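Chemist: I am attaching a structure below and will ask some questions about it afterwards.
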Amino acid sequence: MKGGAYLLTGSAAILSDAAESVVHVVAVAFAAYSLKLSHKPADASHLYGHAKISFFSAGFEGGMIVLAAVFIIYESIHKWLAGLHLENLGAARP
């Protein structure tokens, strides 16, 4: 829905919120997967268990946040250089 709202309005604020939502969903999915993996017992290839996957989960989430921030900054600068103007103000009316 947020992606559709961005396409309808062209709002950088809505784009930012949509990007944050995507990052949140992907990061939570990866964290849930890493939590499942971290509870696996030690095996021949992981003699001390799988608990260190949680560090990768935190790094992955941080990387996703950085990517979203770079994308938002890029789009904001692009809109700023192209000239700021109000678009589709009546599109949200019922």
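The values are calculated or read from the model by the stated rules, or taken from the named source; none is laboratory data. Bear in mind that the values here come from a model prediction, so they are computed numbers and not experimental data. Heads up: the accessible areas ignore ligands, DNA and RNA and are worked out on the full protein's heavy atoms, side chains in. Shrake-Rupley method; radii C 1.70, N 1.55, O 1.52, S 1.80 Å.
Chemist: Considering all alpha-carbon pairs of the range 1-82, what whole percent are spaced by more than 15 angstrom?
Modeler: 65
Chemist: How much accessible area per residue does the range 1-54 have, in Å², with a 1.4 Å probe?
Modeler: Heavy-atom accessible area per residue stands at 70 Å².
Chemist: Oh, and also: Please enumerate, by chain and number, the lysines with C-alpha under 25 Å from the C-alpha of residue 79, excluding those fewer than 8 residues away in the same chain.
Modeler: Here the lysines satisfying the reach criterion relative to residue 79 are 2.
Chemist: Could you work out the per residue convex hull volume over the alpha carbons of the range 1-49, in cubic angstrom?
Modeler: 79
Chemist: On C-alpha positions alone, give me the angle between the axis of helix 53-82 and the longest principal axis of the chain, in degrees, nearest 10.
Modeler: Here the helix axis deviates by roughly 10 degrees.
Chemist: List the lysines whose alpha-carbon lies under 28 Å from that of residue 36, not counting same-chain residues fewer than 8 positions away?
Modeler: 52
Chemist: Could you please state, rounded to a whole Å, how far the C-alpha centre of the range 1-29 is from the C-alpha centre of the range 60-75?
Modeler: 12
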